[in-house]
Amino acid sequence: MIPVAILGFLIGAVLAWGFRVWILLPVTLLAFFAKMIFELIVGTDFLPAIGVSLVIGLVPQLGYAFGLTARSALVALRSPRKDPIGVLGKHRSIEGI
């Protein structure tokens, strides 16, 4: 289950760079049903199969959130500062002089 979870997380992170949030619906459903069918074929009981499938369905969403956070952090690091550093530390009087 760990390799599948890692793969799902990475897929979610990559999808965050090129797609909007609506891509998560088909990816989540696909991951959930694929894992559910696999667990039932292997012979796992119904409730444990649902639990594992829910975890696998949640992992791409966590990866998507991580991808959005990483993308916004990289954009913030690349943006130039609008005010020079000296202006930020300069004290001004109430009159504006």
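The values are calculated or read from the model by the stated rules, or taken from the named source; none is laboratory data. Owing to the predicted nature of the structure, the values given are computational and were not obtained by experimental measurement. No Cβ is skipped: glycine too gets one built from the backbone with ideal geometry, and neighbour counts run over all protein chains shown.
Taken as a whole, the condition of being in a helix (DSSP H, G or I) and either charged (D, E, K, R) or more than 21 Å from the chain's Cα centre (by Cα) (or both) applies to Ala49.
The residues on offer are Val4, Val75, and the sole one that is modelled with pLDDT under 90, assigned to a helix (DSSP H, G or I) and either crowded, with 16+ Cβ neighbours inside 10 Å or at positive phi (or both) is Val4. Scanning the stretch 36-81 for residues that are among the hydroxyl-bearing types (Ser, Thr, Tyr), closer than 15 Å to Val14 by Cα and without any contact (Cβ under 8 Å) to a residue 24 or more places away in the chain yields Thr69, Ser72.
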